[in-house]
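Presented below is the structure to which this report refers.
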Amino acid sequence: MAARVFLSRSVHLLSKGKRSHLGKIAAYKYSTAAALEEPIKPTVNVDHTKLLINGQFVDSASGKTFPTLDPRTGEVIAHIAEGDAEDINRAVAAARKAFDEGPWPRMTAYERSKILLRLADLIEKHNDQIATLETWDTGKPYAQAAKIEVPMVVRLLRYYAGWADKIHGMTIPADGPYHVQTLHEPIGVAGQIIPWNFPLLMFSWKIGPALACGNTIVLKTAEQTPLSALYVANLFQEAGLPEGVLNIISGYGATAGASLCSHMDVDKLAFTGSTETGKTILELAAKSNLKPVTLELGGKSPFIVCEDADIDTAVEQAHFALFFNQGQCCCAGSRTYVHEKVYDEFLEKAKARALKRVVGDPFKSGTEQGPQIDSKQFDKIMKYIRSGVDSGATLETGGEQFGKKGYYIKPTVFSNVKDDMLIAQDEIFGPVQSILKFKDLDEVVRRANSSRYGLAAGVFSQNIDTANTLARALRVGTVWINCFDTFDATIPFGGYKMSGQGREKGEYGLKNYLQVKAVVTPLKNPAWL
């Protein structure tokens, strides 16, 4: 369990133009001036478009399909079976039977771990095909998918495979002649809903701990990005997963998603997505069978640059923190607070870095930024950019569509941003950097904590006392000091306040899928207590 994949370090090496173990992703000049050419044709077939229910790929009960689109062009990639309430019922029934009667929770934990390890090996073997589907469906750079995200999926599955036979309860002393033990039992049928920004990575965050604990699953993909999960589901069957243990429904939130959340035979829900949808899921869970819910929701993460920070490093990391994945990250460092003594220097360098960013076809070598996911997200981001201008922020660069086809947006930087502006309050989920000025630590802590969100924060300072003060004062689930987006299978992730509840990854992620049972037995004439 020692090997780790550090996302921010890997991308940071690339941004410095250095070559690393990630391969030929870097060593290029950045420029938003690159012209968009005819889209590169992906070299992979879309073979899996149906629902996975009880070990079989099947059409939806209604026979309906929906299109999944290429964000580069808005054109249809494939038509996907559209699941709804009846399909959720079929999938939950299969998962329930697999849990109540099937071999999965009854086989040894070591046997479960071997299936997870086989899956990890298969994903590693199919790395390029999976990364191609992920890029085609999401618009993220192929290098990011192939060299960073798919390997992170493999690492996480191996991590939780290692945990499978290390889950156990305790023996507890009691006041009296009793033998007391706790059992950590699988919770049952887990309903899981994943987002469109990191579909395969979030797929692994959900299924890894749930399967390691012996649960069965009904998972709904995001309607925008169903392809990679369906491909990996087929590999699960090759790995030997018993039928009914993993069921995958592609469909819309208002139909398939709502049915899953309301289902009386689902024992647990886990969701990654927007805060507003998270509220709806909590309500549906409460109104049905009061099933527990894990939520990883939105964010408006502060990125704090202190007066003693290494400015060049801070500029590069702030750029990465905001623009990575086209800005479509829940933990994006979207409120960049810079001390007034270094504000002007930081701003000029941040603007220059944005102007050098390569925007283009995500399949093209050297591309840093692809298109936004769809027209809805594109329009939302452009609306926020207009709001920033109208509210008096200074548009330093960007703010426009890039090219004439697809959902590309030029990297955008605002200065003179105030806390009461929408661009400083709302989760934009796009390539829009807002740079704010602060005077002292007390002020920046107060302002950073004033957000309704509390997912993550970045702190850049060469003073360990300053860093420690901020790390404890900021009300967020993760604080990165002199780095950002450092993710690892072992590190828990989740938020304070309206950024969610519960933690994913690491040992903490197991607790979402276990129940604790106390067993008390009287002892007669015990030799000791």
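General observations
- With a simple spin-label model that places each label point 7 Å from the Cα along the Cα-to-Cβ direction, the separation between residue 440 and residue 386 comes to 4.2 nm.
- Cα gyration tensor shape for the stretch 179-292, rounded if a/c is under 1.5, else prolate or oblate: oblate
- When 159, 142, 508 are compared by accessible surface with a 1.4 Å probe, the order from highest to lowest is 508, 142, 159.
- Of 450, 391, the order by accessible heavy-atom surface (1.4 Å probe, DNA, RNA and ligands excluded), from most exposed downward, is 450, 391.
- Phi angles of the stretch 310-325 translate, via the Karplus equation with coefficients 6.51, -1.76, 1.60 and θ = phi - 60°, into HN-Hα couplings of 6, 5, 4, 5, 5, 4, 5, 6, 5, 4, 4, 4, 9, 8, 4, 6 Hz per residue; Gly and Pro are given as x.
- Those lysines that a straight Cα-Cα span of less than 19 Å connects to residue 376, excepting residues fewer than 8 apart in one chain: 140, 404, 405, 410
- Computed packing ranks the peptides 469-477, 453-461 as 453-461, 469-477, most packed first, by mean other Cβ atoms within 10 Å.
- In this structure, the amide hydrogen of residue 246, modeled 1.01 Å from its nitrogen in the peptide plane, lies closer than 5 angstrom to those of 217, counting only residues at least 5 positions away or on a different chain.
- Rounded to the nearest 10 Å², the accessible area of residue 275 at probe 1.4 Å: 10
- Using a probe radius of 1.4 angstrom, the carbon and sulfur fraction of the accessible surface of the chain is 52%.
- Shape call, the stretch 28-141: gyration tensor on alpha carbons, a/c limit 1.5: oblate
- Here r is the Cβ-Cβ distance between residue 89 and residue 341 and R0 is 51 Å; the resulting FRET efficiency, rounded to 0.05, is 0.25.
- Residue 417 sits with roughly 10 Å² accessible to a 1.4 Å probe, with DNA, RNA and ligands left out of the calculation.
- Accessible surface, 1.4 Å probe, highest first, among residues 353, 90, 118, 503: 118, 90, 503, 353
- Considering only the chain, percent of DSSP beta bridges that pair antiparallel, nearest 5: 45
- Between the amide H of residue 192 and those of 218, 219, 220, 270, distances stay under 5 Å, these residues lying 5 or more places away or on another chain, with hydrogens modeled in the peptide plane.
- Dimensions in Å of the stretch 112-179 - Rg and Dmax from alpha carbons: 19.5, 64
- The long axis of helix 275-287 is offset from the longest Cα principal axis of the chain by roughly 20 degrees.
- Violating pairs (Cα-Cα greater than 26 angstrom) within the set 41/349; 383/418; 356/497: 41/349; 356/497
- HN-Hα J in Hz across the stretch 452-461 - Karplus 6.51, -1.76, 1.60, θ = phi - 60°, x for Gly and Pro: 6, 9, x, 8, 7, 7, x, 10, 10, 7
- Rounded tilt (10° steps) of 464-473 against the dominant C-alpha axis of the chain: 60
- Length added when fully stretched, residue 180-residue 101, from 0.36 nm per residue minus Cα-Cα: 25.6 nm
- Amide H contacts of residue 178: 523, each under 5 Å away and 5 or more positions distant or on a separate chain (H built 1.01 Å from N in the peptide plane; Pro and chain starts excluded).
- Three-way shape label, the stretch 273-365, alpha-carbon gyration tensor, a/c 1.5: oblate
- Within the shell of other residues whose beta carbon sits under 13 angstrom from the beta carbon of residue 223, the net charge comes to -1, with Lys and Arg scored +1 and Asp and Glu -1.
- Nearest-ten-degree value, helix 85-100 long axis tilted from longest Cα axis of the chain: 50
- Placing a label point 7 Å from the Cα of residue 482 along the Cα-to-Cβ direction, the residues of the stretch 313-330 with a backbone N closer than 20 Å are 313-321.
- Order by protection proxy (mean Cβ within 10 Å, highest first), peptides 282-290, 438-446, 400-408: 400-408, 438-446, 282-290
- Residues in the chain average 40 Å² of solvent-accessible surface per residue, probe 1.4 Å, ligands and nucleic acids excluded.
- Positive contributions from Lys and Arg (+1) and negative ones from Asp and Glu (-1), summed over other residues with Cβ under 12 Å from the Cβ of residue 66, come out at -2.
- In the context of the full protein assembly, residue 136 retains an accessible surface of approximately 40 Å², using a probe radius of 1.4 Å and ignoring ligands and nucleic acids.
- Dipole magnitude for the chain: about 520 debye, using +1 per Lys or Arg Cβ and -1 per Asp or Glu Cβ, origin at the Cα centre.
- Across the stretch 221-234, rounded Karplus estimates of 3J(HN,Hα) from the backbone phi angles (6.51 cos²θ - 1.76 cosθ + 1.60, θ = phi - 60°) give 7, 5, 5, 6, 9, x, 5, 5, 5, 5, 5, 5, 4, 5 Hz, Gly and Pro being marked x.
- For the stretch 225-322, chymotrypsin sites (Phe, Trp or Tyr not before Pro) meeting the loop criterion (DSSP other than H, G, I, E, B) and having at most 16 other Cβ atoms within 10 Å: 252.
The values are calculated or read from the model by the stated rules, or taken from the named source; none is laboratory data. Everything numeric here is computed off the predicted structure, so don't read it as measured data. Counting neighbours? That spans all protein chains shown, and the Cβs are built from the backbone with ideal geometry, glycine included. For accessibility, only protein heavy atoms count, side chains too; no ligands or nucleic acids. Shrake-Rupley method; radii C 1.70, N 1.55, O 1.52, S 1.80 Å.
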